[in-house]
């Protein structure tokens, strides 16, 4: 064999060996060094395997839970007719069986691996408290699944870190202050009327009672609000964006482990090609709305984003605008729509609370007038129902953070590069914090607010924790109160026997098969106070 060919083969062999050693280092050696530092502090966890860490164990446990039924139950009635539905609200055994098993084996703080990423699963109150109080930019958004989710969120506010995130928050946060949200109430009410009219028509067309699935209608409603309030476009214009975002959400719900482990996400797999196509189309549609907004003079969130992107070079400015629009489109309508869906499911399940909230709404909006800021503030029972819904079915399954430098929380030294996961559903189902009725729907626990509802208020995290708490929580609460109060003033409903209770994780926790309700119009009651005024 020619000496030159031998030399080339030798160089190739050396290159392959170096590449193999490099991948072994980033996939195994570095993460195991981090886990060793945690084990010295008494933090253990399930042993990982090469190269997937604990992912295969997780998949096996999820499949086993699904085969057993995993705590999911079809709704059924006690006694055959009428009465309370039997539904298990604690869905952890079906959605997160691996975390439940490991928490029982290793305690409230344990480590595991997702590929080459070291995860620290934390449900210990002292650690959660310190994370909630941390204001350092060294505690950023978790990098796990960042590459998988990149087509959906890019470098927008939901995924960025450090000064980039702080800059984006400075732009976006003021647009969601309570005084500005109050100014959007009329728009929210206007968006609700088409939903109510569509449901009224269905009831009338079906002889005064109709069985219907509510999920998509609530998504349409919430999408219309976020589109008009923040971007100056109606749902008719934004409909295609939302449909494609929903499709993109489904595509990126499952992790791309090759991309997460190696950092390389450009293989033209079927799923990648689909994500790229949807991303290009969404990018084009958003920029189209941006151009229309530039021609108009109305003040909205999009205008604020455009003002702060105008000094950047064209490509960078476009990405800044598109990434943040996608983040707000998704976070601003998907989570609120799902929470409204869960709320109506629970009210359909508990007619006593439905009647109580309806009575409050009708009393505060006497004469059929729409709610205003004052009446919404007085809707205590409705607020309690929403808070309890967010406790039982928080949209975000986890508060996810990454230590960008070595940090200390609750006496634990956490090395740089660890992804800290705070399991919100675990905190919200802890009987030591919430009492023995923790798995029951009991809005009365919030009669005196969050402080009165649980012994450790920092363990209630429906909108996240710390400086990265959801910017839109005021917007979401007002929107939820408006849509739920107007629906309750118009309709009575019960949960359909067709409803299959199966919470599923698709970036957020949502009803896997939707929510089916049996609806009819509220019978108007004669108001004796009005009689006295007119006599």
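Here are the numbers for the structure shown:
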| read-out | value |
| --- | --- |
| Matching residues in region 455-498 - criterion: being free of Cβ contacts under 8 Å to residues at least 24 places away in the same chain and either buried (at least 22 other Cβ atoms within 10 Å of the Cβ) or farther than 30 Å from residue 159 by Cα (or both) | 455 |
| Residue, modelled with the lowest pLDDT, within region 506-530, restricted to residues that are in a strand (DSSP E or B) and surrounded by fewer than 16 Cβ atoms within 10 Å (Cβ to Cβ) | 506 |
| Qualifying positions in region 104-129 - within 23 Å of the chain's Cα centre (by Cα), over 17 Å from residue 41 (Cα atoms) and not in a strand (DSSP E or B) | 125, 128, 129 |
| Among residues of region 158-184, those that are part of a helix (DSSP H, G or I) and either at pLDDT 95 or above or touching a helix residue (DSSP H, G or I) at 6+ places or on another chain (Cβ under 6 Å) (or both), counted | 6 |
| Helices (runs of 4 or more DSSP H) (entirely within region 1-96) containing at least 2 residues that are in contact with a helix residue (DSSP H, G or I) (Cβ under 7 Å, 6 or more places away or on another chain) and at pLDDT 90 or above | 55-68, 92-95 |
| Among (1) at pLDDT below 85; (2) surrounded by fewer than 20 Cβ atoms within 10 Å (Cβ to Cβ) - the single one residue 352 does not satisfy | (1) |
| Test: residue in region 138-156 that is touching a strand residue (DSSP E or B) at 6+ places or on another chain (Cβ under 8 Å), free of Cβ contacts under 8 Å to residues at least 40 places away in the same chain and not in a strand (DSSP E or B) | no |
| Residue in region 349-366 that is more than 25 Å from residue 440 (Cβ to Cβ), outside any helix (DSSP H, G or I) and in contact with a helix residue (DSSP H, G or I) (Cβ under 8 Å, 6 or more places away or on another chain) present | yes |
| Inter-residue pairs, beta-carbon under 9 Å, first on the phi < 0 side of the Ramachandran plot and without any contact (Cβ under 8 Å) to a residue 60 or more places away in the chain and in region 347-372, second surrounded by fewer than 17 Cβ atoms within 10 Å (Cβ to Cβ) and in a helix (DSSP H, G or I), 6+ apart | 360/378; 360/380; 364/374; 364/378 |
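The values are calculated or read from the model by the stated rules, or taken from the named source; none is laboratory data. For clarity, every value in this text was computed on a predicted model and none was experimentally measured. Note that we place each Cβ from the backbone using ideal geometry, even for glycine, and neighbour counts take in every protein chain shown.
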